[in-house]
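A quick write-up on the structure given underneath.
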Amino acid sequence: IGMVVCLLLFLCSCEKAPNNIVNETPEEDISFISVMIGDKNIEEWNENNVIANVSWNSLKLSEEDEAKFPDLKKTFSKHNNDALKNAKSTMYELVEAAEDLSGDEFNPLYLEGTTKTYVQRADTKIVSYLEDTFVYSGGVHPDYYYKTVNLDPKTGKELILTDVMSSIKGLPDILETEISNKYDYIAFDDDQLWEIFKGYSADDYKWTIDYQGITFWFSPYDIAAYTVGPLSVKLYFDDNPNIIRDEYKTAPSKSFGIMLPKGNKIDFDLDLTDDKKDCIEIETKADDYGSYNMLSVTVNGKTFTDEINYAYDFDVYLAHIGNKNYIYSDSWSDNAYHMFNTWDINGATPEIVQELHNTKLSTLYIEEGVQDGTVYTVAFNNPASFKLERRVEILGTREIWANFKINEADGTPQITDDDYTFNEGHDVTLKIPMAVQVVPDMEKHEIGEGMNLTPCWTDGETYVDLMTEDGWTVRIEIDISDFPRTVNGIPEDECFEELFYAG
């Protein structure tokens, strides 16, 4: 009997659990939360050809999640009020500095303060994000520093390190070892790191948590000289099984996304089947004329720089899908032109495998006061369900959106809706009678001139569904392969009153 029991125990222990991934079958219901990030900006021109600009992010929940988490909504509102106060304070400092500086008429001097928010995790257990602040006020070099925020969605209260870690007693030793190993090219003094961390309380650490571990972030001067730059190190759940409370090791899904900050070596385990840890670095490099930026992605020392698709800036996301990983870049340049690119990082060198032109993550314009509003972008965190938005030239320049999921075979976005939905925009008025099909039976019908129609749905290529004044949905055939666009074979400007196209 003893031999049989031992054999059964041996057989049961042969199945190896995946490394560096949290529990995928949670005991309690856990789901992703939709966090929207809004871009805010203040700019002032000084008479001495000095431009002062301050930009920052505001945070908001989706309408559905605001109803579920009213206290988190209040915390975000406070965050936004504090961020506005900080922005005004920074602007005051920059304007003061501008009085003693001057730029060239054709080459103004720019002073700036920028704070970017990077969501690392947002679910019903914890919302965790990093704030990266950069300030240049005309000195020898800019200042930049990190702040981290970790919130309990149910109460809206900020969590401290001891809320998610069983104990921080041995943390100085662990961090000293991990940082020294990762940054072995930095000459830290003997016991320098240990002495610094020994003086830290739970409130002093800057940390975020994702679905593989807890990351500690260090600004210049925190633990090394300014020239070293910002540092970070992750303590993985599987390497430190007793350090993080089990309730924070739960994931809504085996697939998830995180935002990647620029200019830091981000730890992430790309291949769960091996024992090797990986490193990702996102950078932007100025083009030859200094007007635009190019995105550069480095994975384990192998770099690819996109030297074709220039942009002003990029939001970059890492998607972990099963045992594969992809990077998505959402860029914007002149005339609000966006591109959403898929980068495959599973091979020897990163490569772009898909370019979606005039496409971005879904946005929402929200009025936030008299003559004041903010465009919010939903931070990508759930590869199984997200929205993409396209700008199209269909019956005018318009925005359309649809729900997507990530195709697990190649990492590219795959539409899950039957049609794209039009964002709100101008109606169209018929100049001539028009043959249409009535949805859904597709019976042929004719509607008269002067009829006002609201564009509702489209496949983005061959047809548009419109709502009539009396509530019917009708379909027209459209050809957008050339100008002028044609409707039922007739040039569109002969079919409709004035159509509004962007210049």
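Is the shape of the range 423-479 rounded, prolate or oblate, going by the alpha carbon gyration tensor and its root eigenvalues a ≥ b ≥ c, with a/c under 1.5 for rounded and a/b larger than b/c for prolate? Judged from the Cα gyration tensor, the range 423-479 comes out rounded (a/c under 1.5).
Could you tell me which of rounded, prolate or oblate describes the range 95-134, using a ≥ b ≥ c as the square roots of the eigenvalues of the alpha-carbon gyration tensor, with rounded for a/c under 1.5 and, failing that, prolate when a/b is larger than b/c and oblate otherwise? It is prolate, given that a/c is not under 1.5 and a/b is the larger ratio. Only helices enter this figure: runs of n ≥ 4 DSSP H residues, each worth -39500 (n - 2.57), summed and divided by the residues of the chain, yield -4500 deg cm²/dmol at 222 nm to the nearest 500.
Compared with the alpha-carbon gap, the fully stretched path from D493 to N407 is longer by 27.1 nm at 0.36 nm per residue. Applying 1/(1 + (r/R0)^6) with R0 = 56 Å to the Cβ-Cβ distance of E367 and D190, what FRET efficiency is obtained, to the nearest 0.05? Step by step, r from the Cβ atoms, then E = 0.45.
When the chain is described by a simple charge dipole with +1 on each Lys and Arg Cβ and -1 on each Asp and Glu Cβ, the residue from V233, S167, G471 located farthest towards its positive end is S167. Between N181 and Y110, the distance separating the two model label sites (each 7 Å from Cα on the Cα→Cβ line) works out to 4.0 nm. Contact order for the chain, expressed relative to its length and based on alpha carbon pairs under 8 Å spaced 6+ residues apart, stands at 10 percent.
Taking 7 Å steps out from each Cα toward its Cβ at E66 and N53 produces label points 2.9 nm apart. Derived scalar couplings between HN and Hα for the range 437-451 equal 10, 8, 7, x, 6, 6, 6, 6, 8, 10, 10, x, 5, x, 5 Hz in order, rounded to whole Hz, by the Karplus curve 6.51 cos²θ - 1.76 cosθ + 1.60 (θ = phi - 60°), x for Gly and Pro.
Taking a ≥ b ≥ c as the square roots of the eigenvalues of the alpha-carbon gyration tensor, the chain is classed oblate because a/c is 1.5 or more while a/b is no larger than b/c. Computing FRET efficiency as 1/(1 + (r/R0)^6) for E283 and D482, where r is the C-beta to C-beta distance and R0 is 56 Å, gives about 0.90. This model, with +1 at the C-beta of Lys and Arg and -1 at the C-beta of Asp and Glu, gives the range 205-310 a dipole about its Cα centre of some 260 debye. Of the DSSP H helices in the chain, those that are both long (alpha-carbon extent of 24 Å or more along the helix axis) and hydrophobic (Kyte-Doolittle mean at least -1.0) are 70-98.
Since only Y328, S137, F32 are under comparison, the one whose Cα sits farthest along the positive direction of the charge dipole of the chain, derived from C-beta charges on Lys, Arg, Asp and Glu, is F32. Relative to the Cα centre, the charge distribution of the range 306-449, modelled as +1 at Lys and Arg Cβ and -1 at Asp and Glu Cβ, gives a dipole magnitude of about 220 debye.
Only Lys, Arg, Asp and Glu carry charge here, each on its Cβ (+1 for the first two, -1 for the last two); on that basis the chain has a dipole of about 1620 debye about its Cα centre.
Amide H to amide H, with H built 1.01 Å from N, E368 comes under 5 Å of G373, T374, counting only residues 5 or more places away or on other chains. Working note: Debye formula, equal point scatterers on the alpha-carbon atoms of the range 173-311, no solvent; log10 I(q)/I(0) at q = 0.10, 0.13, 0.16, 0.21 Å⁻¹ is -0.42, -0.69, -0.99, -1.42. Taking amide H as placed 1.01 Å from N in the peptide plane, the amide H of D278 sits under 5 Å from that of F268, D269, L270, each at least 5 places away or on another chain. Taking 0.36 nm per residue of separation and subtracting the current Cα-Cα distance, fully stretching the chain between Y200 and T473 would add 91.8 nm. For E307 and K85, the FRET efficiency from 1/(1 + (r/R0)^6), where r spans their Cβ atoms and R0 equals 41 Å, is about 0.50. Which residues does a label at V438 reach in the range 451-471, if reach means a backbone N under 14 Å from a point 7 Å past the Cα toward the Cβ? In the range 451-471, the label zone of V438 (backbone N under 14 Å from the point 7 Å along Cα→Cβ) covers 468-471. Residue separation of A384 and F500 scaled by 0.36 nm, minus their Cα-Cα distance, works out to 38.3 nm of gained length.
Read the figures in this text as sums done on the coordinates, not as results from a lab. What you see is a predicted model, and the numbers here were worked out from it, not measured in a lab. Note: ideal-geometry Cβ built from the backbone for every residue, glycine included; neighbour counts use all protein chains shown.
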